[in-house]
Every structure is written in C-alpha cells, then in structure tokens.
Amino acid sequence: NLVGEDVIPDDNFSTYDSYVLAVEDLSNGNIDAVVVDTPVADTFTASRDVTVAFVEETGEQDGFGIRQNESELQSALNSGLQTVQDDGTFGELRDTWFGQE
C-alpha cells in the first residue's frame with residue numbers, strides 16, 4: 001500500500017469509480033499514472049495514446065463469489081463454465097476482451 005506507507009502522499013492520490021474515468025483523466029493530462037490490471041491496460045493502450053510503464057505480476061486469479069449454501073447456483077456456474085470452455089466460447093471471449101491467454 002504505497003499511500004499507507006507514505007511512499008505516495010495522500011494529497012497526490014485519487015480513486016475513481018471506474019477504469020474508464022481514470023484513463024480519461026490520464027489521456028487528458030489531469031493525472032500522471034493509473035494502476036490497472038494487465039488486460040485492462042492492454043485494452044486502453046490499444047485504443048488510446050497511453051502506454052504501459054511496467055507490469056507487476058501478482059499471481060491473482062479471478063472468480064465468482066456466491067453465498068454459502070448455494071450449491072444449486074454453484075453447480076450451474078461450474079456447468080456453464082465447463083460448457084463454454086469445452087466449446088471454445090470462453091477462449092474467444094477472453095481473446096476478444098482481454099487479448100491474451
């Protein structure tokens with residue numbers, strides 16, 4: 001936490017409700033940098049005059065969060081995910097929206 005460790009002063013740090021708003025401010029010269037996930041950064045660099053300064057690998061993975069004891073929903077999600085992985089839809093969507101495997 002760069003702000004919490006006083007590497008970045010509180011008055012030199014802003015939060016945004018969306019990546020889009022942050023990147024718009026970056027593109028317009030209102031801020032110097034943004035921190036986003038790699039697939040998001042890749043999408044914005046492809047469509048705007050911004051560049052990726054560096055990538056920090058965190059090993060994070062994404063997933064679905066559901067309430068406990070929702071076994072029927074969990075089964076439906078797992079089944080649906082398996083279906084789109086098996087028929088190639090998942091890979092197509094990943095490549096279209098994130099541009100990487």
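The values are calculated or read from the model by the stated rules, or taken from the named source; none is laboratory data. Being a predicted model, the structure only gives us computed values, none of them experimental. Neighbour counts run over all protein chains shown; Cβ positions are idealised from the backbone, glycine included.
Could you say whether any residue in the stretch 55-76 is outside the structural domain of residue 98 (by TED's automatic domain parsing), assigned to a helix (DSSP H, G or I) and not hydroxyl-bearing (Ser, Thr, Tyr)?
Looking through the stretch 55-76, none of the residues is outside the structural domain of residue 98 (by TED's automatic domain parsing), assigned to a helix (DSSP H, G or I) and not hydroxyl-bearing (Ser, Thr, Tyr).
If the Cβ limit is 9 Å and pairs must be 6+ apart or interchain, which residue in the stretch 16-39 that is more than 20 Å from residue 54 (Cβ to Cβ) pairs with which residue that is among the basic types (Lys, Arg)?
Filtered contacts from the stretch 16-39: 24/48.
Go through the stretch 10-52 and give me each residue that's surrounded by 10 or more Cβ atoms within 10 Å (Cβ to Cβ), in a loop (DSSP other than H, G, I, E, B) and either assigned by TED's automatic domain parsing to the domain that holds residue 97 or over 16 Å from the mean Cα position of the chain (by Cα) (or both).
13, 14, 30, 31, 48, 50
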